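The values are calculated or read from the model by the stated rules, or taken from the named source; none is laboratory data. Just so we're clear, the structure is a prediction, and the values are computed from it rather than from any experiment. Cβ coordinates were reconstructed from backbone atoms using ideal geometry, including for glycine residues, and neighbour counts include every protein chain displayed. These accessible areas exclude ligands, DNA and RNA; they are computed on the full protein's heavy atoms, side chains included. Shrake-Rupley method; radii C 1.70, N 1.55, O 1.52, S 1.80 Å.
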Amino acid sequence: MSSLNANRVRGQWLLRRPNDAATCRIFCFPYSGVGASMYARWPEWAGSAEVCPIQPPGRENRLAEPHYGTFDALAEQVIPELEPYLDRPFAFFGHCSSALAGFAVANRLAGAGLPVPRRLFVSSQVAPHEPPYGRFLAMSDDELTAELAALTRSMGGEPIPDLLALGLSVMKADIAAHKAYRIPEPLRLPGGVTVIGWDRDEEVRPELMHGWRHYCSDARFITLRGSHHTFLEAPLALMAELADDMRRDLAR
């Protein structure tokens, strides 16, 4: 498998080396302002699919590295690191802005003639041809810091002022990438799309995500019980949907 970019950015893009025995994998992109540890409550497997959290630069154990800047730059940097593990069926999962990151990587893989995800799991995000959406995009630093504190508690931690300040810097860079990313019109993805809404999500209501129907002939829309951050808890209903879709895709 040829590398997309020989001048790759080195770093620990995956928290753990994928299991050679896995029949398929789900690569999970982190939410704005945090890193791969947001998936700490997720099991290592969703059915037969191995869960593989991605760690972008500029956060957690990669804090000393520069932020990737844009979703297109993220795709350019991460693909060479993922290539050795794209040797079997795989999918991408992203929640809110990280769903767009996953889309950008999938799009770049397709354009480069490399293996593409069988499925893109999109949680709480409007389609990329639509204007950037979400109240986070217009928040002040104080408001974003309060949101980070709430997110830290949702992840089972206790907010620490110095860490919140670092997180704010990452979140602002992530939000800038979100604001900057938009494609002019829908494009067809080679795989399927599963669009996941949450019935108590006040950030991105499920009915706002119907634009994803333009991206493939195999788009599934589901609404699960929960709020914007419920996915952090790896609810059984979500894990079952991921496992079932991967099983169906493998059977084709």
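Points to keep in mind about this one:
- The stretch 1-143 - Debye-derived log10 I(q)/I(0), Cα point model, q = 0.10, 0.11, 0.19 Å⁻¹: -0.33, -0.40, -1.23
- Estimated dipole of the chain in Debye, rounded to 20 [Cβ of Lys and Arg +1, of Asp and Glu -1, Cα centre]: 640 debye
- Solvent accessible area, Å² - Ser154, 1.4 Å probe, full protein context: 40 Å²
- Dipole check for the stretch 137-213: with +1 at the C-beta of Lys and Arg, -1 at the C-beta of Asp and Glu, and the Cα centre as origin, the magnitude is about 480 Debye.
- The magnitude of the dipole of the stretch 116-176, with charges of +1 and -1 set on the Cβ of Lys/Arg and Asp/Glu and taken from the Cα centre, is near 440 debye.
- Ratio Rg/Rh [Cα only; Rh per Kirkwood] for the stretch 175-222: 1.00
- Pairwise label distance in nanometres, Arg205 with Tyr133, each label 7 Å out on the Cα-Cβ vector: 1.0 nm
- Cut-off under 5 Å, modelled amide H: who pairs with Gly192 long-range: Arg119, Leu120
- By accessible area, using a 1.4 Å probe on protein heavy atoms only, the chain has 52% of its surface on carbon and sulfur.
- The fraction of all Cα pairs in the stretch 88-127 landing in successive 5 Å bins from 0 to the largest distance is 6, 28, 30, 21, 11, 3, given as whole percents.
- Coil-residue GluC sites (Glu not before Pro) of the stretch 28-85, DSSP, other Cβ within 10 Å capped at 16: Glu44
- Its residue count N fixes a reference of 2.2 N^0.38 Å for the chain, and the Cα radius of gyration divided by that reference is 0.93.
- Fraction of C-alpha pairs exceeding 22 angstrom in the stretch 33-112: 24 percent, rounded to a whole number.
- With the convex hull of its Cα atoms as the shape, the stretch 67-156 has an orientation-averaged projected area of 7.3 nm².
- 1.4 Å probe accessible area per residue over the stretch 1-133, in Å²: 35 Å²
- For the stretch 169-251: accessible area per residue (Å², 1.4 Å): 48 Å²
- Relative contact order (%) - criterion: Cα under 8 Å, at least six apart; region: the stretch 165-252: 26 percent
- Global size of the stretch 127-184: 12.9, 41 Å for Rg and Dmax (C-alpha atoms, Rg to one decimal, Dmax whole).
- Of all DSSP beta bridges in the chain, antiparallel share, percent nearest 5: 10 percent
- Between Ile160 and Thr23, the FRET efficiency estimated from the beta carbon spacing at R0 = 45 angstrom works out to 0.65.
- The DSSP beta bridges internal to the stretch 1-141 are antiparallel in roughly 20% of cases.
- Rh by Kirkwood over Cα pairs, then Stokes-Einstein D for the stretch 194-246 at 0.692 mPa s and 37 °C, µm²/s: 282 µm²/s
- Residues whose placed amide H lies under 5 Å from that of Cys24, excluding near-sequence neighbours: Glu50
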